[in-house]
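Inspection log for the structure reproduced underneath, given as structure tokens.
Since every read-out is calculated from the coordinates, none of them should be taken as a lab result. Treat the numbers as computed from the prediction; the structure is a model and nothing was measured. For neighbour counting, all protein chains shown are included, and Cβ atoms are generated from backbone atoms with ideal geometry for every residue, glycine included.
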């Protein structure tokens, strides 16, 4: 009994240490394709209702605490693809696809007699590790899908058992980078131009904290807090131009020494603070249902349009008049609740192989207010329906020591039609209609050792 | 029973090699080239490619991972400093002190049948504090420690696989990952002085292959001690920066294209021979051929397009400078010895020496790239703990520390008479001083459940 108390206390101490470490990390960080498109193939098939499940690398995002359900070593390697078919005024608009590799691993060991699981889940987009695209405020965009999903995300997480098979805590970090710095340039008429650069990408971390429990043999509960993420971009560029003197023999200065200062500022890759509460009910050994609800704090969303400062000093300043750009206004997004449901049914469960069928649904009310003014942050209420299959098999030849699995999912995301009516007839955008679908598929192979 | 034929192993080895060598364009540079990766390796003068048998195999020689009996995991911390000074000039150059976290793992995969103890997977990461990628480009004539000033400015990640061909012979391959930066800045000031702007920036990934071979005859002869051999190829890498700035000032175009190459690390061919006895000692001599002759012009390539109406001014593009770096041969030697072997504790002593020839030619022209031959000495100490008192631990624990000192030979360059008197290195400029590094790490071996 004394030993049990001691190990529980030790687990709590380790948990507290992780919590303190997390406090040292910045609460601001970057956005997350996992928010938009989900993490993991099984989780996607089950509509993201996964806070109480999280038995694979997706747990590094959905609930690190639930990772303690994993035993041994596990690797997962998969590919995800989502193609938007979105419209403006019933005409297709070009919104980039989102596709990339998702992979990771989990390792579990006993520590002080309690299970300790650590792992990582990484998404690498096909086209770029990270993309920033800062548009003018008036330019219409599907605000959830235009830029923020084009970024590499690495989630690392640990789960620690407090009470064996009953209660766990978990901590994670979502790693991203912000970007700053620019060029200081001398362009000259008489000599070759030169420039210096001090540009840097700094890591930023967003904490994830989870709690997982199994109060009853058939009932699992999960609670996960994910911190808000956001990048503040600050890209200054300076061009120096020396005094120009084309009539040297007369020593007449025709343009005084000048400086062009270009500063681009913007917010980017926003992901709201979230609290996800989930439950999973094992109705039988072959039938599982899950239900989650997630609070998303979209009211903290900043306008991600570009704010450009251009200053001309010296001779050039006398040639051109420049008026400062109107400061950006807050977009007044609102907080939302997102319900999600999932189910898994195992119709075939043989000794050597099993097949699981999955489906899920979630509904996300749009956090974007009516776009009556100059801005055009397009979004509408969204329904997502998903289905998937998982095949798990044992290797009869003993090559692979534990069952391996191949999983796949398909999902359709339906954006309800929404009419945008402007306050003024003189608004250059005019009134318009938005809506459309996003199709997504994904597959992954999981190896266990 | 299926038997694994050496021919099959060679085929897989060839596939691994081709996959590694087929990686796209080379990328990045790192602190690991300058200082090494782990305290154990650094303490042995980084002469460890024939004998590496822990979590650092993924970096030093990926082939070694398949010869490990158990998975290995380690993490540590490195810090560096310097006393570098420029001679014969008032210009002071700052070299960023670097601190960072290292993490690595080597994981033999426990497949069965003909893949038993055959394949391994590993990774090595180094995270400089507060930096994912930082690029600093100076003016061409500015004095700069061209090979040392960027050491701590990039995150380093490598993922590798390894295959045991027969007992004692293994090959490995993988890639180091890093980013290139590109983008655009479009800003327009219309004739009324109103600003409209779009800014885009993206990071794209590139890979540099690593290939290794390790031969440890004691694993097939069964002898306690024997010679060990290793060979490693590392592709060169660097990062590109490309940003075109396009602005219109009242209809007048001001366009500048900026491209630069930074963080170059040369292609390396490394061979090593060691002699050791498992669990007692290991001594090694490594030779590395470094293709520094590929070193690119590290300054900005600038293309200026700026025409001021009515003024017959033509701005100059940048000038390109030849670097003329030469290939070098680096000699590394080092060893470790178990100096105390108790019941559940052991102490290791380590030492090493490296002679690093400078690839930088005499700076008699306009550029002032400062570098000198380096003598690098290192000492280290390790503790191996398998229990405390009467209590045995289920995992072995290894703690290692290192102190590494780089002595730079004094070097002074005298400028040619063709160099302008206002060049910062005129009439003479030189370098003197030292670098140092300290590191500490913890590592362990673990079992599969």
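Structural remarks
- Size descriptor for chain B, Kirkwood hydrodynamic radius: 23.9 Å (Cα pairs only, one decimal).
- R0 of 51 Å, Cβ-Cβ distance residue A:323-residue B:287: FRET efficiency to nearest 0.05: 0.20
- Most mobile listed residue (A:299, A:429, A:192) in chain A, GNM with C-alpha springs under 10 Å: A:192
- Measure of compaction for the stretch B:320-401 (Cα Rg per 2.2 N^0.38 Å): 1.86
- Equivalent ellipsoid semi-axes - Cα gyration tensor, the stretch A:110-237, angstrom: 45, 18, 11
- Percent breakdown of C-alpha pair distances by 5 Å bin, ordered from the shortest bin, for the stretch B:214-361: 2, 8, 11, 12, 10, 9, 8, 8, 7, 6, 5, 4, 4, 3, 2, 1, 1, 0
- Simple label model, 7 Å out from Cα along Cβ direction - residue B:385 to residue B:405, nm: 2.9 nm
- The gain in end-to-end length when the residue B:87 to residue B:440 segment is fully stretched comes to 123.7 nm, 0.36 nm per residue minus the alpha carbon separation.
- Whole-number Å³ per residue for the convex hull built on Cα positions in the stretch A:343-445: 109 Å³
- Note on residue B:414 and residue A:97: their simple-model spin labels are 6.5 nm apart, each label 7 Å out from Cα toward Cβ.
- Helix axis angle, B:6-21 relative to chain B longest principal axis, alpha carbon, degrees: 20 degrees
- Note on chain A: GNM, Cα springs under 10 Å; of A:320, A:218, A:171, the largest mean-square fluctuation is that of A:320.
- Using alpha-carbon coordinates, inclination of helix A:2-23 to the longest axis of chain A, degrees: 10 degrees
- Ellipsoid fit via the Cα gyration tensor, the stretch B:34-145: semi-axes of 39, 14, 12 Å, each the root of five times an eigenvalue, largest first.
- At R0 = 35 Å, FRET efficiency that the Cβ-Cβ distance of residue A:429 and residue A:238 yields, to 0.05: 0.55
- log10 of Debye I(q)/I(0), alpha-carbon scatterers only, for the stretch A:2-448 at 0.08, 0.09, 0.13 Å⁻¹: -0.54, -0.66, -1.15
- A simple spin-label model places pseudo-atoms 7 Å from Cα toward Cβ; at residue B:422 and residue A:395 they are separated by 7.1 nm.
- Pairwise Cα inverse-distance average, inverted: Kirkwood Rh of the stretch B:356-449 (Å): 17.4 Å
- Remark: C-alpha extents of the stretch B:232-310 on the principal axes read 80, 25, 13 Å, sorted largest to smallest.
- Arranged from fewest to most other beta-carbon atoms within 10 Å of their beta carbon, A:71, A:80, B:406 become A:71, B:406, A:80.
- FRET efficiency for the pair residue A:334 and residue A:286, taken as 1/(1 + (r/R0)^6) with r the Cβ-Cβ distance and R0 = 35 Å, rounds to 0.30.
- In the protein assembly as shown, the ratio of gyration radius to Kirkwood radius, Rg to Rh, stands at 0.99 when only Cα atoms are counted.
- Segment residue A:138-residue A:300, length gained on full extension (0.36 nm per residue, minus Cα span): 56.3 nm
- Choice from A:69, A:297, A:109 with maximal GNM fluctuation in chain A (Cα, 10 Å cutoff): A:109
- Our estimate of slack between residue A:124 and residue A:112, defined as 0.36 nm per intervening residue step minus the Cα-Cα distance, is 0.8 nm.
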